[in-house]
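Structure record follows, encoded as structure tokens.
The values are calculated or read from the model by the stated rules, or taken from the named source; none is laboratory data. Note that this is a predicted model, so its numbers are computed, not measured. All Cβ positions, glycine included, derive from the backbone under ideal geometry; neighbour counts span all protein chains shown.
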Amino acid sequence: MNRILGFRSRLVGGGVAIALMIGLAACGGPPKWVKQGSGAFNEKDSKAFYGVGSVAGVRNEPLAWDTAENRGRAEIAKTFETYTGYLMRDYAASTTAGDFTKNTEEQNVERAIKTVTTTTLSGVRRID
């Protein structure tokens, strides 16, 4: 973990651009880096982290922009560190009442996965 945080600090401190896509309104389609999706990229002369965030079906434009920006930031944060917790519950029961000739059986299986990302992003700028 220290290696990842140190790497991030070097890149951010060194003036590396961290880009965040808010939404796509261009007629020519999305830029190449948007099609690649979120992640860390090392191309010829530049290194960057891209977080692509988008939202559809929200008519309130300021809310849509904020939502897309937050989703893009979350994509960048997931590049650095993600915690995943897993829980599975398995329940089975057999009930007999009275004469022991009739019983009721039931079972229930549940699975829950929780993913959490927490990080501070410095030097992040959005690109429209």
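Please indicate, with yes or no, whether at least one residue in the range 86-97 is of a type outside the set (Gly, Ala, Ser) and under 30 Å from Tyr50 (Cα atoms).
There is at least one residue in the range 86-97 that is of a type outside the set (Gly, Ala, Ser) and under 30 Å from Tyr50 (Cα atoms).
Might you let me know whether the range 26-43 holds any residue that is outside any strand (DSSP E or B), modelled with pLDDT of 75 or more and acidic (Asp, Glu)?
Within the range 26-43, not a single residue is outside any strand (DSSP E or B), modelled with pLDDT of 75 or more and acidic (Asp, Glu).
In the range 84-115, which residues are modelled with pLDDT under 85 and either under 30 Å from Arg126 (Cβ atoms) or aliphatic (A, V, I, L, M) (or both)?
Residue satisfying the conditions is Ala97 alone.
Out of the residues in the range 44-71 that are aliphatic (A, V, I, L, M) and in a loop (DSSP other than H, G, I, E, B), state the one that is nearest to Thr120 (Cα to Cα).
Here the residue is Val55.
With the checklist (1) loosely packed, with under 14 Cβ neighbours inside 10 Å; (2) modelled with pLDDT of 50 or more in hand, flag the one item Ser54 doesn't pass.
The single condition Ser54 does not satisfy is (1).
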